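Heads up: the structure comes next, in structure tokens.
The values are calculated or read from the model by the stated rules, or taken from the named source; none is laboratory data. Everything numeric in this text was worked out from a predicted model, so none of it was measured. Neighbour counts are summed over all protein chains in view; Cβ atoms, including those assigned to glycine, are modelled from backbone coordinates with ideal geometry. In case anyone asks, the SASA skips ligands and DNA or RNA and just uses the protein heavy atoms, side chains included. Shrake-Rupley method; radii C 1.70, N 1.55, O 1.52, S 1.80 Å.
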Amino acid sequence: MIDSDTGWYFVPASLKAVVLRGDEVMLCLNPRDEWELPGGWPDRGDRDAAATLVREVHEESGLSVTPGPVVYADILRVGPEGQVVVVMYRAECDASAEPTPGDEHRVVKFFPVDDLPEPLPELYRRGIAAARRG
């Protein structure tokens with residue numbers, strides 16, 4: 001997106017949570033039948049990135065999480081010309097927590113990090129690996 005006043009090129013940002021529970025990571029099946037990390041766009045009411053992650057993960061899974069540090073960021077290509085900056089944070093939840101899908105996903109569940117489902121974009125695989133390394 002190009003600002004008409006300044007000519008600057010703007011790219012939207014999406015904040016994603018790598019929610020770990022032991023050796024498992026939570027993934028969501030989106031309407032495109034593609035697995036993804038929970039998260040999304042900041043709302044005007046979000047006071048910071050942590051608030052965005054807590055809200056988004058709760059909306060998408062019903063779980064409460066504790067956000068940690070940024071573990072990975074990159075640009076995701078969307079369609080032939082679109083781009084989104086994706087920033088991934090490590091997050092943790094209660095060990096006994098079980099997710100319930102919200103309105104945006106058909107399935108939300110934990111997978112062993114050594115046996116991730118397909119299709120899962122490589123960008124998310126890199127983020128999961130980075131979160132595991134700490």
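Counting only strands (runs of 3 or more DSSP E) that fall entirely inside the stretch 51-113 and contain at least 1 residues that are loosely packed, with under 14 Cβ neighbours inside 10 Å and small (Gly, Ala, Ser), the qualifying elements are 82-93. Can you confirm whether Asp23 is out of contact with any helix residue (DSSP H, G or I) (no Cβ under 7 Å at 6 or more places or on another chain), open to solvent by 80 Å² or more (accessible area, probe 1.4 Å) and within 18 Å of Ala130 (Cα to Cα)? Judged against the criteria, Asp23 is a match. Checked across the stretch 33-46, the condition of being small (Gly, Ala, Ser), surrounded by fewer than 11 Cβ atoms within 10 Å (Cβ to Cβ) and farther than 19 Å from Gly134 by Cβ holds for at least one residue. In the stretch 111-123, the residues that are more than 12 Å from Trp35 (Cα to Cα) reach residues that are open to solvent by 20 Å² or more (accessible area, probe 1.4 Å) with C-beta atoms within less than 9 angstrom, at least six apart or across chains, in these pairs: Pro112/Asp23; Pro112/Glu24; Val113/Asp23; Val113/Glu24; Val113/Ala129; Val113/Arg132; Asp114/Asp23.
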